[in-house]
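J.: One structure is given below, represented as structure tokens, and several questions about it will come after.
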Amino acid sequence: MNPAERERGSGTVLVLGALAVAMLLFGSVLVLAGAQQASARARAAADLASLAAAGAAARGEAACAAAGHVASANGGRLIACTDLGAGDFEIVAAVRPKLARLGDAVARARAGPARAPVSGPPTARPARDAAP
């Protein structure tokens, strides 16, 4: 058997190996992209739910119920709603990635009414157009 016949078909094996590696890399990129998308959706759901809770509390409505509704409207589910007092709420929301084998993407957000700075009243600045 000459060397050319012994090497016959080795290119096919090499190409199949390269395709398998390419498919594995492509699958890994898809999984990572799905996890990133779920993470972004969880952060958005938590942010919006915390704002909804703070707004509902300011109006005298059920804050955690509003947070749950907004979280679910944004593709997530409410894990925890904590009243921190003074109108502040901390929300934990989760989103399940499209690939079910991955764990849930969980995000935490906090919202409440705006408050004046603790350092005191703002200092007066002289007008720039004032004549000397």
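The values are calculated or read from the model by the stated rules, or taken from the named source; none is laboratory data. All of these numbers come straight from a predicted model, not from anything done at the bench. Don't worry about glycine lacking a Cβ; one is built from the backbone with ideal geometry, like all the others, and counts go over all protein chains shown. Protein only, heavy atoms only, side chains kept; ligands, DNA and RNA dropped before computing areas. Shrake-Rupley method; radii C 1.70, N 1.55, O 1.52, S 1.80 Å.
J.: Return the carbon/sulfur percentage of the accessible area of the range 47-117, one whole number, probe 1.4 Å, all protein chains in place. If you can, show how the numbers build up before the last one.
T.: Details: 2240 of 4100 Å².
After summing per-atom areas, the C and S share lands at 55 percent.
J.: Around Gly87, with a cut-off of 15 angstrom between Cβ atoms, what is the net charge of the other residues, counting Lys and Arg +1 and Asp and Glu -1?
T.: That works out to -1.
J.: While we're on this one: Could you tell me how many cubic angstrom of Cα convex hull volume the range 40-90 has per residue?
T.: Each residue corresponds to 55 Å³ of Cα convex hull volume.
J.: With a probe of 1.4 Å, find how much accessible area the range 1-105 has per residue, and write the answer as a whole number in Å². Write out the running numbers ahead of the final one.
T.: Numbers: 6750 Å² over 105 residues.
Ligands and nucleic acids excluded, the figure is 64 Å² per residue.
J.: Determine which residues of the range 57-76 fall in the zone a paramagnetic label at Arg96 would reach in this model, i.e. backbone nitrogen under 17 Å from the point 7 Å along Cα→Cβ.
T.: 71-76
J.: May I ask which residue of Val13, Ser72, Ala44 lies farthest towards the positive end of the charge dipole of the range 1-116, with charges of +1 (Lys, Arg) and -1 (Asp, Glu) on Cβ and the Cα centre as origin?
T.: The residue sitting farthest along the positive end of the dipole is Val13.
J.: What FRET efficiency comes out for Leu30 versus Ala65 if R0 is 41 angstrom and r is the Cβ-Cβ distance? Round to the nearest 0.05.
T.: With R0 = 41 Å, the Cβ-Cβ based efficiency is 0.65.
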